[in-house]
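Data first, discussion second: the structure below is written as structure tokens.
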Amino acid sequence: MTTIQKQEHSPIAHLTAEDVENLGRELDALREKVIASRGASDAAYIRKVIKTQRVLEMGGRAVLLASRYKPAWFVGTAALSIAKILENMEIGHNVMHGQWDWMRDPKIHSTTWEWDHASPAEQWKHSHNELHHTYTNVLGKDNDLGYGIMRVDEGQRWYPAHLGQPLWNFINAVFFQYGIAAYDLELGKNLASKERRRNPAFKARLAATLRKVRRQAAKDYVVHPLLSGPSAPTTLAANLTANLIRNLWTHSVIMCGHFPEGVETFERTSIEGETRGEWYLRQMLGSANISGGPLLHVMTGNLSFQVEHHLFPDLPSNRYQEIAPHVEALFERYGLTYTTGSLPKQVASAWRKVIRLSLPNDFLKKTPARPAAHRAVAEPARAAVAGA
Amino acid sequence: MATTRTPAQVSLRDRARWFVELATTPLVPGDFWEVLDPMRGGANPRGRVVAVRPETRDAATLLIRPGRGWRGHTAGQYVRLGVDVDGVRQWRSYSLTSPPRPDGAITITVKAVRDGLVSSFLVREVRAGAVVHLDQAAGDFTLPLVRPAKALFVTAGSGITPVMGMLRDGAGGLGDAVLVHSAPRPEDVIFGAELRALAARGGLRLVERHTAVDGRLTPERLAELVPDLTSRQTWACGPNDLLDALQDTYDAAGHGDRLHTERFRPVVLAVGEGGTVSFADSGVTADADGATSLLDTGEANGVLMPSGCRMGICYGCVIPLREGSVRDLRNGAVTTATAGDDIPVQTCVSAAAGPCHLGI
Ligand SMILES: Cc1cc2nc3c(=O)[nH]c(=O)nc-3n(C[C@H](O)[C@H](O)[C@H](O)COP(=O)(O)OP(=O)(O)OC[C@H]3O[C@@H](n4cnc5c(N)ncnc54)[C@H](O)[C@@H]3O)c2cc1C
Ligand code: FES
């Protein structure tokens with residue numbers, strides 16, 4: 001993909017400024033409708049997920065006390081992996097977005113939540129909520145585009161070092177929680193000069209992260225193995241495995257959000273003076289969904305509704321599914337492409353892009369990028385838009 | 001019996017706690033306890049509603065059994081109670097109508113006010129078995145340990161509640177006590193039967209006023225009913241205008257210190273223009289009119305605002321005003337902060353008076 005501004009046939013050329021503002025108003029109205037109907041059943045939902053997660057974690061850890069017996073190891077590791085995934089995705093990520101702040105429960109609030117992850121909540125909220133969600137898919141602004149270590153867009157310059165990026169991406173997947181922590185610290189930038197390294201603000205953030213990493217590691221790799229007595233080595237292995245599974249899973253889901261083919265990127269200058277409608281439009285084109293059943297949605301933290309999440313990052317995650325058909329209909333009416341596909345397909349598409357862009361742009365001229373699943377027809381009805 | 005611990009035991013305990021906390025990080029052990037026992041968990045005690053008894057058409061008494069951490073109360077005090085209404089945590093204060101009981105249970109009696117979110121919920125929707133959030137009992141609207149020889153209680157509507165707590169606790173020790181209570185009609189008198197029975201036993205002189213026929217109580221009318229009122233230690237709870245008038249009467253007689261009042265609502269005098277409020281640390285900005293408290297504005301926008309009595313007496317809601325102006329709703333006084341000032345303001349009785357930044 002090339003940034004939308006440099007494409008020959010821009011997928012938004014058919015929209016007038018007025019269309020874009022109307023689109024924004026329709027989305028605002030949709031948001032208001034959900035906000036007005038938030039209530040007891042939503043609160044019950046998140047409490048149930050949290051309770052399930054804690055039961056799974058306690059149960060898994062209890063079973064792992066006997067982890068030297070194989071069946072116990074498998075059951076315990078599976079429960080712990082699921083618990084960790086739920087905690088990071090459907091609970092942590094979404095609570096820290098403020099999706100549940102309206103409940104005014106101090107225990108389930110973006111300002112108080114700390115998650116089961118190497119990166120401290122404060123730093124993650126800054127780099128994710130403030131930077132990524134604001135500058136989504138803007139080259140040179142959104143560091144999530146390739147996490148500053150990869151080339152994921154034709155518009156990014158190729159260097160020979162990019163040849164290694166399929167390997168970097170794999171290593172990043174394996175150690176994803178530490179990758180995120182390093183990324184939230186902007187290590188690449190902050191370690192580059194002596195001056196930055198000595199900056200007290202950076203040093204304080206680094207200390208906070210190291211403290212968090214230490215506590216997290218002590219819990220998983222020391223305390224719980226010790227509690228398992230004779231099962232210590234196998235419990236240690238179980239914790240390593242659960243963290244690995246969680247890392248691989250979250251990395252895959254997150255790649256599906258913005259990397260697959262069909263997702264658009266934007267020029268740095270294009271967001272100067274951006275209107276609310278234009279911001280919405282960028283979110284719509286810069287995200288991709290994953291299709292699947294209820295289990296997939298909850299295990300991805302409803303990031304399978306990445307488009308809906310990017311439009312409304314602070315709406316309760318259990319509501320994305322409900323508004324998705326309305327959002328998709330809106331794409332159709334405005335002649336835009338709603339990018340979605342199954343998990344294997346989207347993961348493959350994202351990996352293909354990582355591999356393709358590890359090479360210079362024209363290198364694989366003969367194997368053009370395959371378009372992702374486009375449900376809406378990109379050639380749209382101006383009439384439909386005019387009548388909208 | 002007092003137990004003493006040696007330093008070695010203390011440090012062993014601390015180490016055990018440290019280890020358990022490390023096992024549950026980044027959560028705290030209480031987060032897991034809560035899954036096993038919903039009465040445990042957060043910093044505040046919780047309570048289980050054991051029974052809900054209707055009192056009048058629009059009032060009900062809740063019998064609540066507080067869980068761990070509840071430190072008891074003195075009759076006449078109130079408790080802050082938190083309930084989830086439509087999924088949103090709401091805190092309100094309610095006077096305790098029970099005397100301290102050996103089984104530790106407490107009662108509150110709530111009157112549903114029109115369009116009242118929490119009061120309607122408590123009177124009409126809460127069922128036995130529900131878990132509510134509690135704060136510790138607070139307030140100094142209480143009887144002195146040495147009961148006064150001559151006492152007067154002046155109450156109206158749901159204002160009977162703290163006084164009922166006192167009467168149930170200390171009726172025996174009160175010598176010459178008078179209760180003047182106002183309610184629209186006889187059937188609207190909360191605790192009507194119990195009060196009449198107490199009066200019949202001679203524990204108290206009861207003057208019931210039915211405002212639907214007698215009109216509202218004025219200090220003049222009260223002076224006719226109780227000629228020696230200002231010579232009595234007096235506890236009054238009712239509408240603000242009645243309490244204000246009483247205060248004037250006692251002050252004029254030079255006995256202002258004999259009058260003890262409990263207010264259920266803040267006295268709001270001054271409404272001005274509002275402004276944009278930014279809750280800097282929470283990343284929330286909201287437009288507020290000049291009548292809505294900063295506390296309500298913050299809560300409506302999902303900010304975790306600290307709060308207490310919600311009427312300007314407990315200072316449980318204070319947060320720093322970083323910059324900008326706020327108006328005190330009780331007297332119209334405007335407080336202005338410039339960068340670096342950090343002036344603490346009571347958010348429950350302050351509204352925006354122009355753009356302002358709060359440190360939360
Ligand atoms: C120290 C203290 C002790 C209290 N003790 C009791 C008690 O024992 N029993 C009891 O029933 N209440 C008591 N209250 C009042 C109680 O805290 C709530 O204010 C009351 O239940 C209304 O809350 P709500 O959520 O139903 O009304 P809201 O939804 O907050 O308000 C709805 C409407 O009712 C008005 N309103 C608010 N409070 C009152 C009121 N007290 N009377 C009439 N209109 C009102 C509001 O201005 C608004 O227009 C006490 C208050 C304090 C500060
Ligand atoms: S909440 Fe008590 S003073 Fe504001």
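Here are the numbers for the structure shown:
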read-out	value
Counted residues, the stretch B:256-279 - those being in a loop (DSSP other than H, G, I, E, B) and within 16 Å of ligand 2 (Cβ to nearest atom)	6
Unmet criterion (only one of (1) at negative phi; (2) within 16 Å of ligand 2 (Cβ to nearest atom); (3) more than 14 Å from chain A (Cβ to nearest Cβ)) for B:Tyr315	(1)
Qualifying residue in the stretch B:244-252 (condition: away from ligand 1 (no atom under 13 Å from the Cβ) and in contact with a Phe, Trp or Tyr (Cβ under 9 Å, 6 or more places away or on another chain))	no
So B:Leu304, is it part of a strand (DSSP E or B), more than 16 Å from ligand 1 (Cβ to nearest atom), in contact (Cβ under 8 Å) with a residue 12 or more places away in the chain and among the aliphatic types (A, V, I, L, M)	no
The stretch A:131-146, residues that are touching a residue at least 60 places away in the same chain (Cβ under 8 Å) and crowded, with 18+ Cβ neighbours inside 10 Å	A:Tyr135, A:Thr136, A:Asn137, A:Val138, A:Leu139, A:Asp144, A:Leu145
All positions within the stretch B:312-360 that are surrounded by 15 or more Cβ atoms within 10 Å (Cβ to Cβ), of a type outside the set (Gly, Ala, Ser), within 16 Å of ligand 1 (Cβ to nearest atom) and not in a strand (DSSP E or B)	B:Ile313, B:Cys314, B:Cys317, B:Leu329, B:Arg330, B:Thr347, B:Cys348, B:Val349
Single residue of the stretch B:319-351 satisfying the filter (touching a helix residue (DSSP H, G or I) at 6+ places or on another chain (Cβ under 7 Å) and hydrophobic (A, V, I, L, M, F, W, C)) that is nearest to ligand 2 (Cβ to nearest atom)	B:Cys348
Any hit, the stretch A:184-205, residues being surrounded by fewer than 21 Cβ atoms within 10 Å (Cβ to Cβ) and within 14 Å of chain B (Cβ to nearest Cβ)	no
Those residues of the stretch A:207-238 which are among the aliphatic types (A, V, I, L, M) and facing chain B (nearest Cβ under 10 Å), in sequence order	A:Ala218, A:Val222, A:Val223, A:Leu226, A:Leu227
Residue within the stretch A:216-230 that is aromatic (Phe, Trp, Tyr), surrounded by 14 or more Cβ atoms within 10 Å (Cβ to Cβ) and either under 30 Å from A:Ala288 (Cα atoms) or modelled with pLDDT under 95 (or both) present	no
Inter-residue pairs, beta-carbon under 9 Å, first within 9 Å of chain A (Cβ to nearest Cβ) and in the stretch B:35-48, second among the hydrophobic types (A, V, I, L, M, F, W, C), 6+ apart	B:Val35/A:Ile50; B:Val35/A:Val55; B:Val35/A:Met58; B:Leu36/A:Met58; B:Gly41/B:Trp33; B:Gly41/B:Val35
Selection within the stretch A:66-98 - of a type in the set (S, T, N, Q) and at pLDDT below 95	none
In the stretch B:221-248, residue surrounded by the fewest Cβ atoms within 10 Å (Cβ to Cβ) [restricted to those that are at pLDDT below 95 and of a type in the set (Ser, Thr, Tyr)]	B:Ser231
Meets criteria (out of contact with any helix residue (DSSP H, G or I) (no Cβ under 7 Å at 6 or more places or on another chain), hydroxyl-bearing (Ser, Thr, Tyr) and on the phi < 0 side of the Ramachandran plot) for B:Ser182	no
Selection within the stretch B:103-135 - within 11 Å of ligand 1 (Cβ to nearest atom) and assigned to a strand (DSSP E or B)	B:Thr107, B:Ile108, B:Thr109, B:Val110, B:Lys111
Residue within the stretch B:136-150 that is in a strand (DSSP E or B), over 21 Å from B:Glu194 (Cα atoms) and away from ligand 1 (no atom under 11 Å from the Cβ) present	yes
Which listed residue is more than 16 Å from ligand 2 (Cβ to nearest atom), within 30 Å of B:Leu229 (Cβ to Cβ) and modelled with pLDDT under 95, from B:Gly157, B:Gly173, B:Gly76, B:Gly69	B:Gly173
Matching option when the condition is under 24 Å from B:Arg89 (Cβ atoms) and more than 14 Å from ligand 2 (Cβ to nearest atom), among B:Ser282, B:Ser293	B:Ser282
Residues of the stretch A:247-273 classified as buried (at least 22 other Cβ atoms within 10 Å of the Cβ) and part of a loop (DSSP other than H, G, I, E, B), total	6
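To keep it simple, each residue is scored yes or no on (1) assigned by TED's automatic domain parsing to the domain that holds B:Ile160; (2) without any contact (Cβ under 8 Å) to a residue 60 or more places away in the chain; (3) part of a loop (DSSP other than H, G, I, E, B); (4) within 26 Å of B:Leu167 (Cβ to Cβ).
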| site | (1), (2), (3), (4) |
| --- | --- |
| B:Arg209 | yes, yes, no, yes |
| B:Leu242 | yes, no, no, yes |
| B:Gly254 | yes, yes, yes, no |
| B:Ala291 | no, no, yes, no |
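The values are calculated or read from the model by the stated rules, or taken from the named source; none is laboratory data. Just so you know, these numbers come straight off a predicted model, no measurement behind them. Reconstructed Cβ throughout: ideal geometry from the backbone, glycine too, with neighbour counts over all protein chains shown.
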